[in-house]
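Asker: Structure incoming, see below.
Just so it is clear, none of the values below were taken in a lab; they were calculated from the coordinates. Note that the structure is a prediction, hence the values are computed from the model and not measured.
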Amino acid sequence: MSLAEAMIGEFTQEAVNTRKMLERLPEDKLAWKPHEKSMTLGRLASHLAEIPEWAATIVNDESFDMEAGDYKPKALSSKQELLDCFDKNVENFKGVLNGQSDEHLFTNWKLMQGETVAVEMARAACLRGFVLSHIVHHRGQLSVYLRENDVPLPAIYGPSADESI
């Protein structure tokens, strides 16, 4: 099995779990946030929906410059729009990785801040850190947001207090 095939398998499982959370979004609470420094529920969910699209930049480009102003966060305004965006980005992630050689995934990619290299590491490590782990991190945040709004949480890695597997 290639590294790309293994990553697609792991990502697919995490995408299924993330979609379960996104499906629970209360549309009437998208402006809610737990603290003044926190993202709103809608912004957090939009961020989760957009993260998988970063794989294309990591795999296909040599770097990404955060100061260039090319990144514009998505402002998705409905649960269906979020789910559609997420589903499209999940498929794009799989398509981008499909057929990538281990050799290419072990070449370095850079996250730039103008002329300064903020991060430089193997594309595979960037995919794991900036995409897979990033999704798991924000999905955990989303679970707290949902719990604080009395939304039953889905079973993810095992049963939740609200649902069995």
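Asker: Rounded, prolate or oblate, given the Cα gyration tensor of region 1-91, with a/c below 1.5 counting as rounded?
Answerer: Cα axes put region 1-91 in the oblate bin.
Asker: Quick check: the angle from helix 79-97's long axis to the longest principal axis of the chain, C-alpha only, nearest 10 degrees?
Answerer: 30 degrees
Asker: Quick one: among Trp109, Trp54, Trp32, which has the greatest mean-square fluctuation in a GNM of the chain with alpha-carbon springs under 10 angstrom?
Answerer: Answer for the Gaussian network model of the chain: Trp32.
Asker: Just report the Cα centroid separation between region 129-165 and region 22-94, whole Å.
Answerer: Spelled out, the Cα-based centre of one part sits 16 Å from the other.
Asker: How far is helix 41-50 tilted off the main Cα axis of the chain, in degrees rounded to 10, range 0 to 90?
Answerer: Result, in degrees: 30.
Asker: Apply the Karplus parameterisation 6.51 cos²θ - 1.76 cosθ + 1.60, with θ equal to phi minus 60°, to every residue of region 3-11 and state each ³J(HN,Hα) to the nearest whole Hz, in sequence, with x for glycine and proline.
Answerer: Computed from phi, the couplings for region 3-11 are 4, 4, 4, 5, 5, 4, x, 5, 4 Hz.
Asker: Choose one answer from Pro73, Pro26, Pro52: the residue with the largest mean-square fluctuation in a GNM of the chain with alpha-carbon springs under 10 Å.
Answerer: Result for the chain, Cα springs under 10 Å: Pro73 fluctuates most.
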